[in-house]
């Protein structure tokens, strides 16, 4: 038996932050990074909260949130005793908030009634998922957690919060959206429900991502990408992900390659591998290409998959994204030195069980060699 659920209430559109006015007489804890805390965005958020609330801010947020930062947050949570927790920022802020929520609850330090996620990038989809990723900097391993209790109660999608995202980050996070949607679509756990969300997310991303890169101030295009990100999150929350993320997690932990960029660099090689190894998966990739207007019904599956891959590569080139780890600043010798470890850890990654293919250790190394 399969199941499908969307727990999170989603507020979207212009001025959707106004929904925060409904919160009154609460201990409100906002988790964001220092950059957002020092900017206008946080003040705009606080300005929407009723004066009857006690508002506290936690800013100990960094990329690839490590265990130490989560522990710091757990300690702070015990002192504040928040009733409402707001994760405000990109994937790192939301992942940090989820990690704090999980461990603080286990240690009986908090009793949060409402968990709200407000993404300021269009990328992770974490505002509607049960997933979080915590990094152990000592072992250089990323640990994904998938627990329904980590799904936020509400997500607020206000595209005005993303119009100032720089082009390079727009590209990286947007390719993360595309990878989420495609991996959910070909997942072993995919269903008609997740396919519908994945298809729409891919369509929106292919149409609007490069436009957002070219003109980040276009609010209408930003709204489309913000929606695409959340829909991809809804899809992979139920269908999970696959090989692409299994490897990307290791690249981020070992070399600090931004997560979306790691996924983007891998995507062409992983699609090629999956399509070659599994004909049913090749069929699904081909169907995605046809649905998105990249291929026609008369094209063979092989041709359709090739056209999909070419479209993805063209998008990356348009956005001047690195195509290899070397282009991304990772020395070849470092990759070769860590290749066995990366392959071993990728095979243990929580995203791999739903991959349509299960590569051998050697095949994983061959995929890595393609992206060096």
Any idea which of 227, 240, 274 is crowded, with 24+ Cβ neighbours inside 10 Å, within 30 Å of residue 153 (Cα to Cα) and not assigned by TED's automatic domain parsing to the domain that holds residue 122? 240
Say we look at segment 99-111 and pick out the residues that are free of Cβ contacts under 8 Å to residues at least 40 places away in the same chain and touching a helix residue (DSSP H, G or I) at 6+ places or on another chain (Cβ under 8 Å); which of these is nearest to residue 246 (Cα to Cα)? 103
When you scan segment 127-214 for strands (runs of 3 or more DSSP E) that lie fully inside it, which ones turn up with 1 or more residues that are at pLDDT 95 or above and in contact with a helix residue (DSSP H, G or I) (Cβ under 9 Å, 6 or more places away or on another chain)? 154-157
Name the residues in segment 340-361 that are part of a helix (DSSP H, G or I) and either touching a residue at least 12 places away in the same chain (Cβ under 8 Å) or crowded, with 22+ Cβ neighbours inside 10 Å (or both), would you? 340, 341, 342, 343, 344, 345, 346, 347, 352, 353, 354, 361
Give segment 281-298 a look and list any residue that's more than 12 Å from residue 185 (Cβ to Cβ) and part of a helix (DSSP H, G or I), or say none. 282, 290
Check residue 220 against each of (1) assigned to a helix (DSSP H, G or I); (2) over 25 Å from residue 356 (Cα atoms); (3) in contact with a helix residue (DSSP H, G or I) (Cβ under 8 Å, 6 or more places away or on another chain) and name the one condition it does not meet. (3)
Within the bounds of segment 313-325, is there any residue that is at pLDDT 95 or above and closer than 22 Å to residue 277 by Cβ? yes
Within segment 116-126, which residues are under 17 Å from residue 19 (Cα atoms) and assigned to a loop (DSSP other than H, G, I, E, B)? 120
What is the one condition in (1) surrounded by fewer than 17 Cβ atoms within 10 Å (Cβ to Cβ); (2) at negative phi; (3) part of a loop (DSSP other than H, G, I, E, B) that residue 329 does not satisfy? (2)
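The values are calculated or read from the model by the stated rules, or taken from the named source; none is laboratory data. Please read these numbers as outputs of a predicted model, since none were measured by experiment. Virtual Cβ from ideal backbone geometry, glycine too; neighbours counted across all protein chains shown.
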